[in-house]
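In what follows, a single structure is set out as C-alpha cells and then discussed.
The values are calculated or read from the model by the stated rules, or taken from the named source; none is laboratory data. Here the structure is a predicted model, which means the values were calculated and not measured. All Cβ positions, even for glycine, are placed from backbone atoms using ideal geometry, and neighbour counts span all protein chains on display. Just the protein is used for accessible areas: all its heavy atoms, side chains included, with ligands, DNA and RNA removed. Shrake-Rupley method; radii C 1.70, N 1.55, O 1.52, S 1.80 Å.
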Amino acid sequence: MVTRLLKRLSPWRFIPCRDAKIPCWMFAALVLTCGQASRLLAGGGPENVAVVVNADSFASQAVANAFVTLRQVPAGNLIYLSLGDLPSFEIVDVPTFRERILRPAFETLEARGLAGQIDYLIYSSDIPYAIRVGADVGDRELPKILTETASINGLTYLFPLVLAEQPEYLGLGVNFYARLPIQVISFDQQQWTDDQRELYQQAVQQMREQQHELALAAFNRLVESHPRAAPVWYHRACALARLDRLDQAIEALKRAVEHGWLDARHTQADEDLAPLRERDDFQAIVRRLEERSPVLRPTIGFRSAMGWKPDGQPGPPDAGVRYLLSTMLSVTSGRGLSVREAIDHLERSAAADSTFPDGTIYLMESSDVRSKSRQPMFADTVTLLDRLDVRAEIVSGTLPKKRDDVMGLVAGSANFDWTASDSSILPGAICEHLTSTGGVMVEQGGQTPLSEFLRHGAAGTSGTVTEPYAIPAKFPLPFLHFHYAQGCSLAEAFYQSVAGPYQLLIVGDPLCAPWARRPTVQVPGMAESVSGELRIRPIAVPPPGRLIGRFELFVDGVRRALCAPGDTLTLDTSLLPDGRHEFRLVAVVADPIQTQGRAIWSVDVNNHGRQVRLEPHEPTELPLGRSIRLRAAMDGAASLELQAHGRVVGQVEGADGEFTIDSMDLGLGEIPLVVVARNESDGPITAVSSPILIRVQQPPALVPIDVPEVAKLQPGIAVSTVDGPPRIVKETHFAPWLEKAGVRRNSAVKIEGYFKITEEDLYQFQYRSPQSITLTVNGRELSASDDDRWRFVPVRLQPGWHRMRVLVRGEGARRLDLRFGGPGSYRVGARQFQAMAP
C-alpha cells in the first residue's frame, strides 16, 4: 500500500523551482481537495510519547530526565541505547541509524506493550541528528535539490519507508498529514514529460535573460498541453506584458487566477507586470485576489495508528501511510546549548501550556531569497490568525526590533544576532529561519544555528541539516502558527506545515501547546488499595463549547481500557503484579484536535499478599558521580530487579539483596527507582515496590588555579612526549593531528591546556581514542578509558583559570578526538585553550 501510494512521489522526479517569482511550495504540493476529517484517536499526551536516550551521555540523560519530569511521561516510556561505540554521535549512515537506533526503539516499545499507543518518538541530546542516506539511494540519480543527508526526526517521521529501505522518503510531497493550502490548480509536474519540464525551466531562464519572445513561445506550447497549469499562465502573462501586448497579458493573468493563482502581493509587486499596474482591469484582478478567503486543509490532531491518504484524510493503517511525530529535545554538543540552557528552555515550554499568551507572530519580509520564498503566504497567515484573535504582523527586516511580545517568528536570513534585536521571546514561542545550515550543529556549521532561538527562550525551532536549495517544501510554511494557535502541540503544528520533512531538524518540546483548551478530569471515590475487578465511572468537565469524546485508562503508562462518556471503565487487577501502580485517567475532547486532560494517582494492588520492600542506605539526594546503596526484599522471590525509567540497573538472585548504583548511570534530575520481583528467575513479574525518588544534583565545582605566568600563555594546547619538547597545537579538527604534532607510534603523550571560565556552570569534555586515556582537570582525575568509545565527562567549574591534562598511552598510531564546551562542545585548540610557551 505504501509503495503504491508513493509511487508517483519518487523523489528523483520532483522538479526544482528555479524562479523566485513562483512560490516553490506550489510545485511540490499535491492537488488537494476539501473534505471532512473523519473521527480518529488523536490529541497526543505524555502517555503517547517515547523518549530515546543515549545511555552513555550524562547530558542526554539529564535532558531526558528533565523532560519526563516536567511532562509527566511514564517511566516505562524511556528507551536507553548505548551509543558510545558509534563513530560519531552527530552524523551516521542510514543502515547504522536503522539497526542501532530505529529498530531497537521499536523493539523496546513492542516488548513493553507500548507500540500501539505511541505517537511521538522523541530524541534527547547526543544522538546523531543527521543521517547520510546514500546506501538507500544506491545508483539512482537524484535532482540536485534532493541531497543525501536527512535529519533524524525527518526519517523517524517517515519510518515505514526508512525501515523498508525505500528512498521515497526523500519526496517533497510525501507527508499526507500536512495541512497544505487547498488548491484548485493542477500543476503536478509528475504528469509532465521530461522534455516539458526541461522546456519550462528553459523558458524561466529566458525570462531572466530578457529573451521574452523565446520564453513566450515556450509558454504557449506548455499551456496547450497543460491548460490548467496556473503558474504557466502567470509566466505567459509576464512575457506578454514585457512585450507590450497588454490586453493579451490581462487575459493570461485572468486564466492564471481562474486556475488557482493565489498571490496578490507578488502580482502587485512583480516588475514583469509593471506595464499593467495603471489599468483598471489589472487592479480589479489584484482586488479579487486580496478578497479571496484563504483555505487550508482542516487542522487536525495526529495519531500514528492511522493511515494518512493522499487527500489528507486519515483512515485505517492499511489504507494510507503511517507516520510518527518526532523532534529532538535539545542539542548540547557542537553549536548547541549547555545542559542548563537545555533544561531552562524545556521548563519554559512546559510552563507555557494553556496560557493563551498575549503575543505576536512576526513574519519577516526582506529582499533575501530565504525570506521571499515564503512571503506569498504571509498575508493569508495574518488573516487566519486574526480569525483566532491572535496577532500577527508582517515586518520588514531580519528580526523584529525592540519587541517584547514575540510569540512566533518566520524569518529568512543566513545570520542574525538576537541580542542586538533587543526583542524578547515569550514562553511557548516557535521561532525559525529559512537558511541553508541552520540545522547543521557541528562546530564549523557556518550560518547562525537554530540553537540561538532556544537559548533566548523559544519552545521550538527548526533548520535543515544540509543545503536545502531554498525549497520551501523542506521548511514549515507560516501556517504552522495557525495550527499551533488552534491548540495543536508543537510537533503537530510543525508536521502539518511541511510537505517534505526529510531534511528538517526540529528541536524543542514536542508537547508544548500554549493555546490548548484542556478538560478537567475527576476520579470519584478511588480507594488507596484495590483487588479483583476495578470499576471506574469517569467524570470530566470539557472546555467551553466542547464535549468529551472518550476516556482512556493507563496503568504504569500502558493503556488498559477506554470507554465513552457515561460508561464505566473495567479493569481486572488480578492481571497486575501486587504492589504500587500508577493510574492515569485521560479525557479526550470530541473535536478534530482531540485535546487531552488527565488525572494521575497511585494505588496499591493486593491480590496475592506479596510485598516488595525497597529501602535506601544513604540520602536520596546525591551529587552526580556518587553511588547510592539500596536494599530490597520479598518473601519467596527467586530474583529481584532494580529498574530506573524501565531500564534494568541492577539484579540479584534470591529473596533479598543489596544494590549499588552509580549516579552517573541515572543522570542529573529526578529518577524513580523501583524493584520488581519474580517467583521464577525467568518468569513474569509478580510484585513491584513503591518507587523511591532519587534526586541527582550537579557535582561540587572545582575551584580555579593560579597561573603564575599568564603572560607566557599563547593560544592552543601543548603536546609533548618523553623524548621531545612540547609543541603548541592550535587546531585538532583532522584525525592525524597528533602525528602532525610530531607524535610517533607507541609514544606516551601529554596534552596540556589552560582555559578560563567566566561563569560557574556544568561544562563537559567529550573524547574518543583507541589508546589508554586519563583526563584530569586541576590535578583531579575525571575519566580514564581504553576501549575506543565516546566518553561524555561532566565537570562543574568556578570562574577563573583551570588546567586540562590528558595522558595518552598504549600501542599504535595516536588517535584522539577531544572536545570541550558548555554551551555545546568544540575540539580543543586555540578557540578555548592556551598553552604555556616553551
Could you list, in sequence order, all residues of the stretch 146-172 that are among the aliphatic types (A, V, I, L, M), under 16 Å from residue 94 (Cα atoms) and in a loop (DSSP other than H, G, I, E, B)? 146, 158, 164
Residue match in the stretch 383-396 (condition: in contact with a Pro (Cβ under 7 Å, 6 or more places away or on another chain) and in contact (Cβ under 8 Å) with a residue 12 or more places away in the chain): yes
What single numbered condition from (1) in a helix (DSSP H, G or I); (2) surrounded by 15 or more Cβ atoms within 10 Å (Cβ to Cβ) fails to hold for residue 175? (1)
Exception for residue 316 within (1) farther than 30 Å from residue 444 by Cα; (2) touching a residue at least 60 places away in the same chain (Cβ under 8 Å) falls at (2)
From the list 598, 584, which residue is open to solvent by 30 Å² or more (accessible area, probe 1.4 Å) and basic (Lys, Arg)? 598
Modelled with pLDDT under 90 and out of contact with any His (no Cβ under 7 Å at 6 or more places or on another chain): which single residue out of 682, 761, 706 fits that description? 682
Could you please give the count of residues in the stretch 41-74 that are modelled with pLDDT under 95, open to solvent by 10 Å² or more (accessible area, probe 1.4 Å) and among the hydrophobic types (A, V, I, L, M, F, W, C)? 1
Hits in the stretch 477-529 - residues which are closer than 20 Å to residue 392 by Cα and free of Cβ contacts under 8 Å to residues at least 60 places away in the same chain: 480
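For (1) in contact with a strand residue (DSSP E or B) (Cβ under 8 Å, 6 or more places away or on another chain); (2) under 30 Å from residue 408 (Cα atoms); (3) at pLDDT 95 or above, each residue gets a yes or a no:
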position: 504; (1), (2), (3): yes, yes, yes
position: 507; (1), (2), (3): yes, yes, yes
position: 511; (1), (2), (3): yes, yes, yes
position: 521; (1), (2), (3): yes, no, yes
position: 529; (1), (2), (3): yes, no, no
position: 551; (1), (2), (3): yes, no, yes
Among the residues of the stretch 89-142, what is the count of those that are assigned to a helix (DSSP H, G or I) and of a type in the set (A, V, I, L, M)? 9
List the helices (runs of 4 or more DSSP H) that sit entirely inside the stretch 313-411 and contain at least 1 residues that are more than 26 Å from the chain's Cα centre (by Cα) and either modelled with pLDDT of 95 or more or not basic (Lys, Arg) (or both). 378-387
Considering residues of the stretch 150-164 that are under 16 Å from residue 307 (Cβ atoms) and open to solvent by less than 10 Å² (accessible area, probe 1.4 Å) only, the residue nearest to the chain's Cα centre (by Cα): 157
Residue by residue through the stretch 244-284, note down the ones that are under 20 Å from residue 227 (Cα atoms), assigned to a helix (DSSP H, G or I) and open to solvent by 10 Å² or more (accessible area, probe 1.4 Å). 247, 248, 251, 254, 255, 257, 258
Tell me which of these residue 381 doesn't satisfy, since it passes every other one: (1) surrounded by fewer than 23 Cβ atoms within 10 Å (Cβ to Cβ); (2) within 23 Å of residue 176 (Cα to Cα). (1)
Among residues of the stretch 511-546, those that are surrounded by fewer than 20 Cβ atoms within 10 Å (Cβ to Cβ), of a type in the set (A, V, I, L, M) and under 26 Å from residue 71 (Cβ atoms), counted: 5
Residue 506 being over 29 Å from the mean Cα position of the chain (by Cα) and open to solvent by less than 10 Å² (accessible area, probe 1.4 Å): no
Among the residues of the stretch 659-701, write down those that are within 24 Å of residue 791 (Cβ to Cβ), within 34 Å of the chain's Cα centre (by Cα) and in a strand (DSSP E or B). 661, 662, 669, 671, 694, 696, 697
Condition met for residue 448 (among the β-branched types (Val, Ile, Thr), open to solvent by 10 Å² or more (accessible area, probe 1.4 Å), touching a residue at least 12 places away in the same chain (Cβ under 8 Å) and assigned to a helix (DSSP H, G or I)): no
Looking at (1) in contact with a Ser or Thr (Cβ under 7 Å, 6 or more places away or on another chain); (2) farther than 25 Å from residue 57 by Cα, which is the only condition residue 764 fails? (2)
The conditions are (1) open to solvent by less than 10 Å² (accessible area, probe 1.4 Å); (2) touching a His at 6+ places or on another chain (Cβ under 9 Å); (3) free of Cβ contacts under 8 Å to residues at least 60 places away in the same chain, and residue 410 fails exactly one of them. Which is it? (3)
Could you check, for the stretch 723-730, whether at least one of its residues is under 40 Å from the mean Cα position of the chain (by Cα), in contact (Cβ under 8 Å) with a residue 40 or more places away in the chain and open to solvent by less than 40 Å² (accessible area, probe 1.4 Å)? yes
